[in-house]
Each structure stands twice: as structure tokens, then as C-alpha cells.
1. Find the relative contact order for segment 44-159 and round it to a whole percent, using C-alpha pairs within less than 8 Å whose residues are 6+ positions apart.
2. What spacing in nm lies between the two simple spin-label points modelled at THR135 and ARG77, each 7 Å away from Cα in the Cβ direction?
3. Ordered by packing density, taken as the mean number of other Cβ atoms within 10 Å over each peptide's residues, highest first, how do 152-161, 27-36, 72-81 rank?
4. Identify which of THR93, THR26, THR135 has the largest mean-square fluctuation in a Gaussian network model of the chain, with springs joining Cα atoms closer than 10 Å.
5. By a straight-distance test (C-alpha under 18 Å), which aspartates and glutamates pair with LYS161 as possible cross-link partners, with residues fewer than eight away in the same chain excluded?
6. With the crude spin-label approximation of a point 7 Å out along Cα→Cβ, what separation in nm comes out for VAL30 versus LYS161?
7. Calculate one ³J(HN,Hα) per residue across segment 74-82 by plugging θ = phi - 60° into the Karplus curve 6.51 cos²θ - 1.76 cosθ + 1.60, and present them in order as whole Hz with x for glycine and proline.
8. Please list, in order along segment 20-31, the HN-Hα scalar couplings obtained from phi with the Karplus expression 6.51 cos²θ - 1.76 cosθ + 1.60 (θ = phi - 60°), rounded to whole Hz, x for Gly and Pro.
Amino acid sequence: MAHQLSGHGRSETPIAIDALDAPARTRKSVYPEPFASRMEGRVKHPLGELFGLSNFGVNIAQLTPGSASALRHAHTRQDEFIYVVSGHPTLQTDEGGTRLGPGMCAGFKAGTGNGHRLVNETDEDAVYLEVGDRTPGDEVTYPDEDLKGAFVDGQWHFTHKDGSPY
């Protein structure tokens, strides 16, 4: 890992790192089963938390061939932004599929209801940067699944669309 540590009494906070050298998230998904296992092939490296950021999240993520970034979803309060570093993932939205490439980006404004996700339909890995805020009271809808989520006290809680627990 190429980085320097801060000299401001926070010996564990790096000044700068190579993003893909950040430790990968150990928990593959916050989704309940049967959805969590569908996130195989996605590896997220949290970056924001590494630097002590708390107002928004930043991850660099890798998608192996055939994997997806998430279930197709839309946030009520959280804005999201992605930037493709390498590879050619397909952005799936309510409008259909759009092939992306390195240097391309997309943003998802909260409250639009437009479900989105990335899917790697190629034979090469795709790497992208994702940024999202952490607005309290956020809820997530999943147009293709019997699932809804709520961000409460800093954690995601999931239920069926009728409100019954998983």
C-alpha cells in the first residue's frame, strides 16, 4: 500500500493512498438473502471512511464479469454519482441499458424514482468510483424486487414491500 500517514495525531489516517490498495469491505452486501448472494463478484473498497469522512461515502468498486453493483434501486433522499475508471459496465435505468466506458460518469438525483445499477456484461473487470451522501431518513425502492430499505440510525433496515420483515 503506497501511502503516507498523517502527522496530526491521527496515526492511522493516511494522507494519500492508491485507491485499489484500500482494504476491501469484508461484508459483501447489506441486503438480506436471497439478495446478498447476488452481489458475488462485486468488491468494494471504502475510501471515505479511511480518511474519516462521515457526511458522504466514497468507494472504489470492482465488478468481475457477470456481476452487478447492486439491485436496481432508487433513493428518496440520497444523491449518488459514479465515475468509470476502467472497463465497460452497462448502466441499467428505467430508460434501459447504456454501455459506459473509462472517463464516463452518471449521477442519480434523490427522489426521481429512477432505478439504476451497473452490470458487467463483458469479459473484463470493470472499476468505478461511487459517491453518495448519508442523508438521514433515506429510503430505497427496488422496482424489480420485493424489497424496500430505510436508513435509520446509520444502518440499513430491509423489509418486504408490504412492510413484513425478512
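Derivation of every value follows stated rules applied to the coordinates shown; laboratory data play no part. Nothing here was measured: the structure is a model prediction, and the numbers come from that model. Every residue, glycine as well, gets a Cβ built from its backbone with ideal geometry; the counts of neighbours run over all protein chains shown.
1. Details: 295 pairs, mean separation 36.9, N = 116.
In percent, rounded to a whole number, it is 32.
2. Modelled inter-label distance: 0.8 nm.
3. Values: 152-161: 11.7, 27-36: 13.9, 72-81: 18.9.
In descending order of packing, they fall as 72-81, 27-36, 152-161.
4. Checking each option, the largest mean-square fluctuation is seen for THR26.
5. Leaving aside aspartates and glutamates fewer than 8 places away in the same chain, those within reach of LYS161 are GLU33, ASP138, GLU139, ASP144, GLU145, ASP146.
6. 2.2
7. Calculated HN-Hα couplings, in order: 9, 9, 7, 10, 9, 7, 9, 9, 10 Hz.
8. Result, rounded to whole Hz: 6, 8, 4, x, 6, 4, 6, 8, 5, 7, 8, 5.
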